[in-house]
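One structure below.
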Amino acid sequence: MNSQEAKQVLLGYRLGTDNGSDPQIAEALRQLEHDPELALWFEQVQCADDAIRRQLRETPVPADLKQRILAEQKIARPILAGENPC
């Protein structure tokens, strides 16, 4: 796996999840030990992810959000092949 491939794999990695057991992710994480440039890139990505996570946690959620979303929900039944749409 080269550095570019490792970056693609590591973009799907989330710290604190069990996806570190995925063989591709495990290989990409091992590559961090031998590639300082990749390690720096990964550290920056993790910092950006942490900042986004913090912002999302601090964003207030309206108490009636679920009801508002469900009230606007439009249910569209797909038209199957050969079915008359009228």
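Ellipticity at 222 nm from helices only: DSSP H runs of n ≥ 4 in the chain, each -39500 (n - 2.57), divided by the residue count, give -17500 deg cm²/dmol.
Rolling a 1.4 angstrom probe over the protein heavy atoms with all chains in place gives the chain an accessible area of 83 Å² per residue. Solvent-accessible area assigned to carbon and sulfur over the chain amounts to 56 percent, based on a 1.4 Å probe.
Between 76, 26, 39, the residue with the greatest mean-square fluctuation in the GNM of the chain (Cα pairs under 10 Å linked by springs) is 76. In whole angstrom, the chain maps to an equivalent ellipsoid with semi-axes of 40, 23, 10, each derived as √(5λ) from the alpha carbon gyration tensor and ordered largest first.
Loop-located GluC sites (Glu not before Pro) across the chain with a Cβ neighbour count of 14 or fewer within 10 Å are 33, 83, with loop assigned by DSSP. For a quick check of your reading of the filter: which trypsin sites (Lys or Arg not before Pro) in segment 1-83 sit in a DSSP loop and have no more than 10 other Cβ atoms within 10 Å? Those satisfying the criteria are 74.
The values are calculated or read from the model by the stated rules, or taken from the named source; none is laboratory data. Here the structure is a predicted model, which is why all the values come from computation and not from measurement. Virtual Cβ from ideal backbone geometry, glycine too; neighbours counted across all protein chains shown. These accessible areas exclude ligands, DNA and RNA; they are computed on the full protein's heavy atoms, side chains included. Shrake-Rupley method; radii C 1.70, N 1.55, O 1.52, S 1.80 Å.
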